[in-house]
Structure formats: C-alpha cells, structure tokens
Amino acid sequence: MFYREAGQFKTSYKADQAVFPIFQDKVFVAIWLLIGFVVIPMLANEYVFRAIFIPVIIMALAAIGLNLLVGYCGQVSLGSGAFMAVGAYAAYNFMIRIPDLNPLICFLLGGLSATVVGVIFGIPSLRIKGFYLAVATLALQFFTDWTFSRIDWFTNYTPSGSIAVQPVAVWGFVFDSPIRKYLLCLTVLVIFTIIAKNLVRGRIGRAWMATRDMDVAAEIIGIRPIFAKLSAFAVSSFFIGVAGALWAFVHLGSWEPLAFDINLSFSILFMVIIGGLGSIVGGMLGAAFITLLPLFLNQLPIWLGINMSTAMVSHLEYMIFGALIIFFLAVEPLGLARIWQITKEKLRLWPFPH
Amino acid sequence: MGFFVEVLLSGLMAGVLYSLVALGFVLIFKASGVFNFAQGAMVLFAALTFVRLLDILKDTFAPITLALIITIAMMIMLAMAIERLVLRPLVNQPGISLFMATLGIAYFLDGFGQTLWGSDIYTLDIGIPKGSIFILESVFEGGVLVAKEDLVATVIAGLLVVTLAIFFQKTRIGRALRAVADDHQAAQSIGIPLNYIWVIVWTVAGLVALVAGVIWGSKLGVQFSLSLIALKALPVLILGGFESVLGAVIGGLIIGAGEKLAEIYIGPYVGGGIEYWFAYMLALGFLMFRPQGLFGEVHIDRV
C-alpha cells in the first residue's frame, strides 16, 4: 500500500501477537468499519440495502463459518444449507414456544441447535474422509429438507408449511427498516469475524490446520482428531446456524423449507472456494461475488437494451455463472483472497519494485 | 410374500438405473481422480439432444440411428471441450477445486442444453415396450407385477456393464485407462498420453450418460429433473466405492431395493416421503463400517 512498515518495532509479546501488528493496517480496518457503519447508511437507498448489503453480509457470515470447516480443518461439507435451516427453524421455535425471549438470544439458541446437529453429523468425519464425507454430509441436507417439510411441529402446524415472522424487536427497538436490519447484521458479522479471526490464530485453529494438512501426522504430534474435527464442526455450524436465523428472520421474513435447499449449500461452498480457502477476508469477498453475480447477470440484458424472455435470461445466467466459476478456478485457484494479497504485496513495493 | 418380491424387484430395477448414472461417476473418478458432479447434467444434455434431434430428423429414413450418431458426436465434442477448457488448466489442483469446476460444468450444461433445445417436457419413444406383465406365476399366487420397460432397462444396463468390463479388460485402450487410473505419472512415463485418455474417459462417461438419459427419459419424459438424478446416484457411489465398477452396480441394487422397501414398510409410520433421504442414511450406515465403500480401494496413509 502507500505505506512502509519500517520502523515499527514490536517491543512486547502483546504487540507481537496483535491481530493487526502494523499501525497502518489498524487505520485501514478502522476506515472500513467507518465506511460500513457510517458512510454506507448515509448514502445507500432501501433497495440497495435489501438486495445487496443485507444478503451479502449474512452470506459472508455463513461463508466464514463454512471456511472454518473446509478451509481451516479440511473437512468438506455440502450440508451448510441444512445448518442454516436448523438455525432458522430452531430460532423460530424458541421464539414462539418461550414467550418474551429476546430474539437475539433466540438466534444464538438457533446457532447452538445447529451446533448440536453439526457435532452429531460430524461424527462420521472421524471415520470417513474426503469426498466420501462430502457426500455423507448431503445426508443431513436431505434429512433436514424432509424433516422441516413433513413434520408439522417444526412449522407450528401452519397449513402451507411456510413461516412468516414479525420484524425482530429487541427491548422495544424494532428492526423494521432496511437500514436498521443492515446495522444489526453488520454488527453480528463484525463480532463473529473477530471471534473467527482469534479462533484460527489460537491453539484450536492450529489444531484444525494441522488436521487439514495431514491428519495422521497431526494425530502423532498429539492433536486429538476427535477434538479437532468435532470442534471445527461445532464452531462452523454455530456460525452457519446464526447466519441461517438471520437469513430467515431479517432477510426473508417469510420462508419455506425450499429456501434452504441444496443449491444454497452449493452457493456457500462456491463462496468459500472462489473467495479463498482458509481466509476470513476470502469468505467475505466470495460472498459478495457469488451473491452479486446473479443480480448483475440478471440486470445485464436490461442495461444492454436486449429483449429476451425470462426463461432465456435464466438459462443464459446459468451458462455464464458456470463458465465464470470454471474461469475463476482456472485463473486463480487460490481465490479472491489470493488476488487481494498479491495486490497488497505489489502496492507495498509500488512505485519502486526493485 | 408375492407383494414383497414385487416391491423388491421394482426396487432392484430402479437400482439398475441408479447404477447407470453412478457408472459414469466411477469411470471418470478412476481415470482422472475428478469427482464429476456434472454427470447428471450430462445425462440431461444427452437426453435433450437426442430427443430434439429425433424430432428434427423424424422425416428422414432412419431417425433414431441418425439422431444417435449426431448425439454421440456431440458427446465426443463435449468431452474434448471439457478436457481442453477445464481439465487442462486445472491439472494438479486439489480435488475440491476440480469438484467445484465440475459443478460449474453442471451449471453450464443445464443452461446450455435448455438454451439450445428448450425447457419443456419432451416425451421420448424409441420403441421400448410399455405396460406390465406378470412373472413367476407358478411360484407365488397371482404372480409378480413387473413393468416391461424396467425389464428392458435392466437388460440394456447389464449389456452395458458387460461391454464396459470387456472394454476395460481386453482392449488396448482399456489397459491404458487402467494404467492411468493406477498411477498417472507411471502411465505417462511409459508413453500413455494423459490428455487423450481423459478425452476417451469423458466420452465413455458421456455415452453412459446418453444410455441412462434415454432410458430414464423414455420412462419419465425428458425434462430438467433428469439433471437431479445425479443426487440419487451419489449414495450409490459412496456405498459401492468411488473406484469400483462392480461397486456401482451392486451399490445401485442395494440402494434401489432398500429405498423401495423402506418406503413401503417404514414410510407409513414416519409420514412418508423417506425415499428422499433414506438412500443417504443407508449409505452412511455402511460407511461407518467400511469407510471406503464396499468395493473401494483401501488407502494406507503414510506420514
């Protein structure tokens, strides 16, 4: 960037272990937070909040959660949609069955329910590896789809099977306008990002990464695989569960089991891969990319003034989406996070690269 | 008892069709180590191409043969395009990236096929007999009801498996394929062209997809949902093992029969529709005892 870190000496262990050891990085993050919390709410309009910022933020949370599991612990999961569904439905059931419970607590309880399910379905990962595990996690996906559409208790016996909720209200403060929803989601994302960032640079994160790089070797140096794998499943499904509750309550408002089908699982995995495995920033970049790409492709014919039937547009969208995915994987297999990193390194030396 | 056998047989025959789709997966996984999620999309694409060509060519002297030849040519071109545009740039990438790339192929093919050929439901009739017959009347009272098309499908699938087995075991190309499946580097160093082998494998998988698509299509009509049978084939795959042709066949039979029996005998107690996830749970149960599937290769991890 336009700065040098020369002259910044770390004189204590605390300074050495800081999340952002370089002063300019701290400023940079502070500027981003300022933009997120102050500038965007002043400038953006309702449509932009509803269509872009809120879904991107919630998906970023889910992608970070999945990245902890896939990118850091190396356990491929195709069941993120299921964890989101568990988070959403559990939060809904806590809300209607325990009167006057704070919705934020409900969201966390939804996340905890997803954690329980995640640990149970994480148990096969102790035996099964690689793609066998990926397909095995699909079992959870189909099982939850079935559970929430067939067992009426979870949907509180609504005849259509779809659920509609009131805007979230915390201590009399109603999150009804897009800008309030946006701030709620952003706050949750910031808090969870801090948690994730600190988890992956601590003992537990190192255990995950050792397991990812080679599980047999990790076991030999004294990392219990049962602890590493199940904790990764637990934390990841907690994140994804909370994201699911937010997705349902804040973004959708009313939903049916189909909202959390296998396509959602694939999208979140796309976010993680396109964003960059094993990178927190990557999860956010990937979420933005995958959420905005269909919106963009959808609008493109209108901008270009081409008249096409909606069916045609959706088919072309599929084609372009698929082709772009392949293109991105071929050009930068390590994801957007890697591009971001290269840009930073280049800018650090610019304009005198030698 | 007659009813039980009837359910079992219909399950086994559905299982044969799952095996057909799973076979495509196995072929590609064996030869290139790619977990090809696009197999379902290939089934849809092949069936759509075939059924639309049949419609276009219906006034010519031999519509089925011509449509078949053109469709096969399309599948070969598709295999070459995939090898050139997807596999070659992504060589030596981790399996998960390649898997995501095949998801990209699946999206692309779903969109491409429907842009090219339209997205209606097309009926496909290539002379597979319809209707049902009773068999085994001497053994059970009233006999066992079997759909004729299922029988034909079973025979075709059986023939296909035998042909593939001969192709793999007895021909020069088949030997090369097995060598590549065994060890990429060793195969390359004795002069087997890897890229050429990949094209062949993807072509064979494409042809298997065509057969599966035509059989499923004449049963259910050619429509978008064909693309989703890939999801039905996945539990077959993990049950049988990714590397085994035999595993795909036997896995398919177990899953097909288990699924139908569970739907009839357990389904009513839990609200029905358990076909949707039962196959996965069954496969998961098997995996807990044999993590590499029934016939998969046992990998020994070394540090």
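The values are calculated or read from the model by the stated rules, or taken from the named source; none is laboratory data. Quantities reported herein were computed from a predicted structural model and do not represent experimental measurements. Don't worry about glycine lacking a Cβ; one is built from the backbone with ideal geometry, like all the others, and counts go over all protein chains shown.
Before moving on, here are some points about what is shown:
- Among the residues of this structure, residue A:274 does not count as one that is more than 27 Å from residue A:208 (Cα to Cα), assigned to a helix (DSSP H, G or I), within 14 Å of another protein chain (Cβ to nearest Cβ) and among the β-branched types (Val, Ile, Thr).
- Test: residue in the stretch A:44-56 that is touching a residue at least 60 places away in the same chain (Cβ under 8 Å), of a type in the set (Asp, Glu) and surrounded by fewer than 12 Cβ atoms within 10 Å (Cβ to Cβ): yes
- Under the condition of being more than 8 Å from chain A (Cβ to nearest Cβ) and at pLDDT 80 or above, the residues counted in the stretch B:273-294 number 8.
- Per the conditions (1) surrounded by fewer than 18 Cβ atoms within 10 Å (Cβ to Cβ); (2) within 12 Å of chain B (Cβ to nearest Cβ); (3) out of contact with any Gly (no Cβ under 8 Å at 6 or more places or on another chain), the sole criterion not satisfied by residue A:269 is (1).
- Residues of the stretch A:155-174 classified as out of contact with any strand residue (DSSP E or B) (no Cβ under 9 Å at 6 or more places or on another chain) and either free of Cβ contacts under 8 Å to residues at least 24 places away in the same chain or of a type outside the set (Ser, Thr, Tyr) (or both), total: 9
- Within the stretch B:239-255, residues that are touching a residue at least 40 places away in the same chain (Cβ under 8 Å) and surrounded by fewer than 23 Cβ atoms within 10 Å (Cβ to Cβ) reach partners that are in a helix (DSSP H, G or I) and aromatic (Phe, Trp, Tyr) with beta carbons closer than 7 Å, at six or more positions or on different chains, in the pairs B:243/B:29.
- Of the helices (runs of 4 or more DSSP H) lying entirely inside the stretch B:33-134, those carrying at least 2 residues that are more than 30 Å from residue A:66 (Cα to Cα), touching a Phe, Trp or Tyr at 6+ places or on another chain (Cβ under 9 Å) and of a type in the set (A, V, I, L, M) are B:39-56, B:63-82.
- Count - residues of the stretch B:185-203 that are closer than 19 Å to residue B:79 by Cα and free of Cβ contacts under 8 Å to residues at least 24 places away in the same chain: 4
- Residue match in the stretch A:298-321 (condition: buried (at least 23 other Cβ atoms within 10 Å of the Cβ) and either assigned to a loop (DSSP other than H, G, I, E, B) or β-branched (Val, Ile, Thr) (or both)): no
- Residues located in the stretch A:322-337, provided they are over 14 Å from residue A:290 (Cβ atoms), outside any helix (DSSP H, G or I) and either of a type in the set (A, V, I, L, M, F, W, C) or more than 8 Å from chain B (Cβ to nearest Cβ) (or both): A:332, A:334
- Residues (within 12 Å of another protein chain (Cβ to nearest Cβ) and loosely packed, with under 14 Cβ neighbours inside 10 Å) located in the stretch B:257-272: B:270, B:271, B:272
- From A:104, A:109, residue being more than 19 Å from residue A:257 (Cβ to Cβ), touching a helix residue (DSSP H, G or I) at 6+ places or on another chain (Cβ under 6 Å), among the hydrophobic types (A, V, I, L, M, F, W, C) and assigned to a helix (DSSP H, G or I): A:109
Conditions (1) more than 10 Å from chain A (Cβ to nearest Cβ); (2) at pLDDT 80 or above; (3) under 29 Å from residue A:329 (Cα atoms); (4) surrounded by 19 or more Cβ atoms within 10 Å (Cβ to Cβ), marked per residue:
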| residue | (1), (2), (3), (4) |
| --- | --- |
| B:76 | yes, yes, yes, no |
| B:110 | no, yes, yes, yes |
| B:114 | no, yes, yes, yes |
| B:135 | yes, no, no, no |
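- Matching option when the condition is surrounded by 21 or more Cβ atoms within 10 Å (Cβ to Cβ) and farther than 29 Å from residue B:243 by Cα, among B:51, B:34, B:7, B:16: B:51
- Residue within the stretch A:275-294 that is crowded, with 16+ Cβ neighbours inside 10 Å and either without any contact (Cβ under 8 Å) to a residue 24 or more places away in the chain or in contact with a Cys (Cβ under 6 Å, 6 or more places away or on another chain) (or both) present: no
- Selection of first residues in the stretch A:315-336 that are in contact (Cβ under 8 Å) with a residue 40 or more places away in the chain and of second residues that are polar (S, T, N, Q), restricted to Cβ pairs under 8 Å at least 6 apart or on distinct chains, gives the following pairs, ordered by first then second residue: A:329/B:93; A:329/B:97; A:335/A:279.
- Members of the stretch A:194-243 found to be over 18 Å from residue A:114 (Cα atoms) and of a type in the set (D, E, K, R), listed by number: A:197, A:201, A:203, A:206, A:212, A:213, A:215, A:219, A:224
- Among the residues of the stretch A:115-147, those identified as more than 7 Å from chain B (Cβ to nearest Cβ), among the hydrophobic types (A, V, I, L, M, F, W, C) and under 22 Å from the mean Cα position of the chain (by Cα) are A:116, A:117, A:119, A:120, A:121, A:133, A:134, A:140.
- Qualifying residue in the stretch B:99-107 (condition: farther than 17 Å from residue B:209 by Cα, of a type outside the set (A, V, I, L, M, F, W, C) and within 14 Å of another protein chain (Cβ to nearest Cβ)): yes
- Residue in the stretch B:217-229 that is of a type in the set (A, V, I, L, M, F, W, C) and crowded, with 24+ Cβ neighbours inside 10 Å present: yes
- Inclusion of residue B:230 among residues that are closer than 30 Å to residue B:125 by Cβ, touching a residue at least 40 places away in the same chain (Cβ under 8 Å) and within 12 Å of another protein chain (Cβ to nearest Cβ) is warranted.
- Conditions (1) under 27 Å from the mean Cα position of the chain (by Cα); (2) within 8 Å of chain B (Cβ to nearest Cβ); (3) not small (Gly, Ala, Ser); number of the one not met by residue A:312: (1)
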